[in-house]
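First up is the structure itself, then whatever we jot down about it.
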Amino acid sequence: MFQERKRIVEEKDISQAVIGRLPRYFRYLGELKDEGVERISSQDLSELMKVTASQIRQDFNNFGGFGQQGYGYNVEYLYNEIGKILGLDQQHNFIIVGAGNLGRALGNYMNFERRGFIFKGMFDQNPELVGRDVRGVRVLPMESLEHFIREHEIEIAVLTIPKTSAEDVAEQLVKYGIKGIWNFAHVDLNVPEGVQVENVHLSDSLMKLSYNINRYRIEQG
């Protein structure tokens, strides 16, 4: 069944909006599974997630559908299938470039391993940070980056460095074989086709929150 879904994904141009909702479905379904819920309807899932039932059905139909008429969705099955679509049935080795406060905080976040993301290394150009320990991982100098990536089959790099050096470092990472960059530097990276980038601008989220607070105040008079 999953091979059929894989074929559907390869043939269809699924929107980023749909893909962006998959991790949220996965998270809610994981919580339901942990609570012992075996089956759920699109309507019940809709009420739980505050997403319309029709939207849920449309999203799942992009991957061939998962439910049965009058039965709903098998929670564990749906959880596992979405996990496979997201690639969470595979191990992804990653490194963090930038051992400042944000880099160390991400390195100490243990939930990554639960999802198959294995924290393998951390790098920094600051000699005062090199040699420090972050959850059993020693901060290494940038000079050892290429050898480490190739030796440990690193697939993903997390960038938590100033935007002034992000482009140059990203170029190096691509040259060394990195396939995905989780970018916290405040600059949108331009990389070759085939290299995936997820830009995370923390201040953008904060400004969006500020807007919604302000709009609510206006609506309340």
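The values are calculated or read from the model by the stated rules, or taken from the named source; none is laboratory data. These numbers were taken from a predicted model, which means no experiment stands behind them. Positions of Cβ are generated from backbone atoms using ideal geometry, with glycine treated the same way; all protein chains shown enter the neighbour counts. For accessibility, only protein heavy atoms count, side chains too; no ligands or nucleic acids. Shrake-Rupley method; radii C 1.70, N 1.55, O 1.52, S 1.80 Å.
Kindly rank 192-199, 32-39, 159-166, 117-124 from highest to lowest mean number of other beta carbons found within 10 Å of each residue. If you can, show how the numbers build up before the last one.
Details: 192-199: 11.1, 32-39: 12.9, 159-166: 18.6, 117-124: 21.1.
Peptide ranking by packing, descending: 117-124, 159-166, 32-39, 192-199.
Can you give me the three principal axis dimensions of the chain from its C-alpha atoms, in Å, biggest first?
62, 54, 34
What figure, in Å² to the nearest 10, do you get for the accessible area of His152 with a 1.4 Å probe and non-protein molecules left out?
The accessible area comes out at roughly 60 Å².
Using Cα-Cα distances under 8 Å and only pairs 6 or more residues apart, what relative contact order does the chain have, in percent?
Worked out over the chain, it gives 13 percent.
What are the ³J(HN,Hα) couplings of the range 156-167, residue after residue, when phi is run through the Karplus curve with 6.51, -1.76, 1.60 and θ = phi - 60°? Round to Hz, x for glycine and proline.
10, 10, 9, 9, 10, 10, x, 5, 5, 10, 5, 4
Within the chain, what whole-number % of the accessible surface is contributed by carbon and sulfur, with the 1.4 Å probe and all protein chains included in the calculation?
Solvent-exposed carbon and sulfur of the chain make up 48 percent of the total.
If we count every other residue with Cβ under 11 angstrom of Gln91's Cβ, Lys/Arg +1 and Asp/Glu -1, where does the sum land?
-2
Along the charge dipole of the chain, Cβ charges K/R +1 and D/E -1, which of Gly30, Asn62, Val139 sits furthest on the positive end?
The listed residue farthest towards the positive side: Gly30.
What ranking, highest mean first, results for peptides 177-187, 211-221 when packing means the other Cβ atoms within 10 Å averaged over each residue?
177-187, 211-221
Which value at 222 nm does the chain reach when only helices count, each DSSP H run of 4 or more adding -39,500 (n - 2.57), with the total divided by all residues and rounded to the nearest 500 deg cm²/dmol?
Roughly -14500 deg cm²/dmol at 222 nm, from the helical runs in the chain.
For the range 137-192 and the range 108-128, compute the distance between their C-alpha centroids and round to whole Å.
What the calculation gives is 13 Å, centre to centre.
Excluding ligands, DNA and RNA, what is the solvent-accessible area per residue of the chain at a probe of 1.4 Å, expressed in Å²?
62 Å²
Rounded to the nearest 5, what is the percent of antiparallel bridges among the DSSP beta bridges in the range 20-152?
Details: 5 of 14 bridges.
Here the share of antiparallel DSSP bridges comes out near 35 percent.
Does the range 15-75 classify as rounded, prolate or oblate by the C-alpha gyration tensor (a ≥ b ≥ c root eigenvalues; a/c under 1.5 gives rounded; else a/b over b/c gives prolate, otherwise oblate)?
Oblate shape, in that a/c is at least 1.5 and b/c is the bigger or equal ratio.
With only Lys, Arg, Asp and Glu charged, each at its Cβ (+1 for the first two, -1 for the last two), find how big the charge dipole of the chain is about the Cα centre; round to the nearest 20 debye.
460 debye
For the range 207-220, what does the Karplus curve 6.51 cos²θ - 1.76 cosθ + 1.60, with θ = phi - 60°, yield as ³J(HN,Hα) per residue in whole Hz, taken in order and with x for Gly and Pro?
Ordered by residue, 3J(HN,Hα) equals 5, 5, 4, 4, 4, 5, 5, 5, 5, 5, 4, 5, 5, 7 Hz.
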